[in-house]
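Engineer: To start, I am sharing the structure in question, which I have written as structure tokens.
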Amino acid sequence: MTVTTIQGALEQATRQLTRAGLVGARLDAQVLLAHILGVERSVLYAYPEREVAPALATQFFQLVERRSKGEPVAYLLGRREFYGLDFIVDPRVLIPRPETELLVEAALTQIRQKIAADALPIVADIGTGSGAIPITLAVEEPRLPYLYACDISADALVVAQLNCQRHHVAERVRLLQGDLLAPLPEPVDILTANLPYVGTEEMQAMTHDVSAYEPHLALFSGPEGLDLLERFCRELRQSSLLKPNALLLLEIGYQQQEPLTRLILELWPQSTVTSIKDYAGWDRVLQVAMQGRK
Ligand SMILES: C[S@@+](CC[C@H](N)C(=O)[O-])C[C@H]1O[C@@H](n2cnc3c(N)ncnc32)[C@H](O)[C@@H]1O
């Protein structure tokens, strides 16, 4: 390979990614080059004439090639920032989304209210993936002695374990494998879940980098995306896993607020359901406050 500079490498990569139809071609090229060079992106602006060693240029263009086929940047880097924390991600887990930070924010508010009222809540997360939700809660609220983090995917839990170690919460986040609520050993005060909620009918409309690369077990849940969330609610109602006045926080999909609120009020007529909207204005998180027992 001929000697190239930062500017030259970026221009060539941007052209290649643009030809591949990627909207953020220049930004993707910068992020990938900064990653390969082990520098902040600002360094690329400061030293455009600096030479890129041939071995590094080769690695960079290999990543550009993979990106041009649609592989998500987070998988290429092996990391994604969530709530200010750096999470290890790979194709075994969903890439954590900014919308999920809303659920974390709401959970933290509730956890802190309970702690302020002198009650250390028992917290569990179902469908934990990379561990983004429970690990962030454990890091942000060190007074929580422990939390449960459950997933049906043993592969996802391997990644969650790495993230627990990275954030020094492996002693407090208890990873459990199994279907929905089955692994939970005790009733909880706060239950969070970002379960798959995309309808298989929507698969065609999804961007290629999501549908071709992210685990389908983490994305899809029946024709309208409601199957798993509905089963989760029904099984929760049948269980004894909610402590009195428990709180449920569910991330939900596009147009799922109405059917799920209806189901929840049918199952728990005394509960109060509120919805939190995401940055695009869609109902994204359902917050269900239970009254009394169950
Ligand atoms: C949408 S991803 C969410 C991952 C993570 N909580 C996040 O917010 O980034 C859904 C997760 O639910 C898990 N899952 C799918 N079906 C499940 C089931 N029946 N029981 C438990 N977890 C399940 C998937 O393996 C996946 O990790």
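Nothing in this text is a laboratory measurement; each read-out follows from the coordinates by a stated rule. Every value quoted in this text rests on a predicted model; they were computed, and no experiment measured them. Every residue, glycine as well, gets a Cβ built from its backbone with ideal geometry; the counts of neighbours run over all protein chains shown.
Engineer: Need one number: nm distance between label points at residue 171 and residue 245, each 7 Å from Cα along Cα→Cβ, rounded to one decimal.
Structural biologist: About 3.1 nm, to one decimal.
Engineer: Now for a different question. Please compute the net charge surrounding residue 212, taking Lys and Arg as +1 and Asp and Glu as -1 over other residues with Cβ under 14 Å from its Cβ.
Structural biologist: 0
Engineer: Residues in the range 263-294, backbone N under 17 Å from the label point at residue 237 (7 Å along the Cα-to-beta-carbon vector): list them, ranges by number please.
Structural biologist: Those under the cut-off are 263-274, 287-294.
Engineer: Next question, about the same structure. At a Förster radius of 35 Å, what calculated FRET efficiency corresponds to the Cβ-Cβ distance of residue 289 and residue 179, to the nearest 0.05?
Structural biologist: Between residue 289 and residue 179 the formula returns 0.85.
Engineer: Quick check for me: using +1 on Lys/Arg Cβ and -1 on Asp/Glu Cβ, what's the dipole size of the chain about its Cα centre, in debye to the nearest 20?
Structural biologist: Once rounded to the nearest 20, the dipole reads 280 debye.
Engineer: Follow-up question, since we're still on this one. So, with +1 on the Cβ of K and R and -1 on the Cβ of D and E, and no other charges, what is the size of the charge dipole of the range 129-213 about its Cα centre, to the nearest 20 debye?
Structural biologist: Roughly 340 debye, rounded to the nearest 20.
Engineer: Between beta-carbons, use under 14 Å as the cut-off and find the net charge around residue 172, counting Lys and Arg +1, Asp and Glu -1.
Structural biologist: Within the 14 Å Cβ shell, the charges total -1.
Engineer: I'd like the orientation of helix 6-19 relative to the chain: the angle between its Cα long axis and the longest Cα principal axis, in ° from 0 to 90, rounded to 10.
Structural biologist: The helix 6-19 is inclined about 60 degrees to the chain.
Engineer: Percent of alpha carbon pairs in the chain separated by more than 26 Å?
Structural biologist: Value for the chain: 49 percent of Cα pairs lie more than 26 Å apart.
Engineer: Turning to a different aspect of this structure: Within a Cβ distance under 14 Å of residue 227, other residues only, what is the Lys/Arg minus Asp/Glu net charge?
Structural biologist: So the environment of residue 227 carries a net charge of -4.
Engineer: If r is the Cβ-Cβ distance from residue 161 to residue 81 and R0 is 25 Å, what FRET efficiency results, to the nearest 0.05?
Structural biologist: That gives a FRET efficiency of 0.80.
Engineer: Only bridges whose two residues both fall in the range 80-289 count here: according to DSSP, what percent of them are antiparallel, nearest 5?
Structural biologist: Antiparallel bridges make up about 40 percent of those DSSP assigns within the range 80-289.
Engineer: Highest first, please rank the peptides 53-66, 200-213, 147-160 by the mean number of other Cβ atoms sitting within 10 Å of their residues.
Structural biologist: Packing proxy ranking, top to bottom: 147-160, 53-66, 200-213.
Engineer: I'd like the Karplus ³J(HN,Hα) series for the range 259-266: coefficients 6.51, -1.76, 1.60, θ = phi - 60°, whole numbers in Hz, and an x wherever there's a Gly or Pro.
Structural biologist: x, 6, 4, 4, 4, 5, 6, 5
Engineer: Run the numbers for residue 270 and residue 112: contour at 0.36 nm per residue of separation, minus the present Cα-Cα distance, in nm.
Structural biologist: Between residue 270 and residue 112, full extension yields 54.5 nm more.
Engineer: Calculate the spin-label point distance for residue 27 paired with residue 49, positioning each point 7 Å from the Cα along the beta-carbon direction, and give it in nanometres.
Structural biologist: Label at residue 49, label at residue 27, 3.0 nm between them.
Engineer: Another question about this same structure. The range 95-109 to the range 1-52: how many Å between their Cα centroids?
Structural biologist: Using only Cα atoms, the two centres lie 32 Å from each other.
Engineer: Let me ask you something else. Sorted by packing (mean other beta-carbon atoms within 10 Å per residue), highest first, where do 230-241, 116-127 land?
Structural biologist: 116-127, 230-241
Engineer: Could you order the peptides 99-109, 277-287 from most to least packed, using the average number of other C-beta atoms within 10 Å per residue?
Structural biologist: 99-109, 277-287
Engineer: Next question. Express in nm, to one decimal, how much length is gained between residue 18 and residue 207 on full extension, taking 0.36 nm for each residue of separation and deducting their alpha carbon distance.
Structural biologist: 66.4 nm
Engineer: Quick one: which residues, 5+ away or cross-chain, put their amide H under 5 Å from the amide H of residue 285? H built at 1.01 Å from N.
Structural biologist: Correct list: 252, 276.
Engineer: To continue, here is another question. Relative to the first principal axis of the alpha-carbon coordinates of the chain, what is the inclination of helix 100-116, with its axis defined by its Cα atoms, in degrees from 0 to 90 and to the nearest 10?
Structural biologist: 40 degrees
Engineer: Between residue 90 and residue 2, 0.36 nm times their residue separation minus their Cα-Cα distance comes to what?
Structural biologist: Taking residue 90 through residue 2 to full extension adds about 28.5 nm, to one decimal.
Engineer: Next up: What ³J(HN,Hα) values, in whole Hz, does the Karplus curve 6.51 cos²θ - 1.76 cosθ + 1.60 give for the range 56-68 when θ = phi - 60°, with x put for Gly and Pro?
Structural biologist: 6, 4, 4, 4, 4, 6, 5, 5, 4, 4, 5, 5, 5
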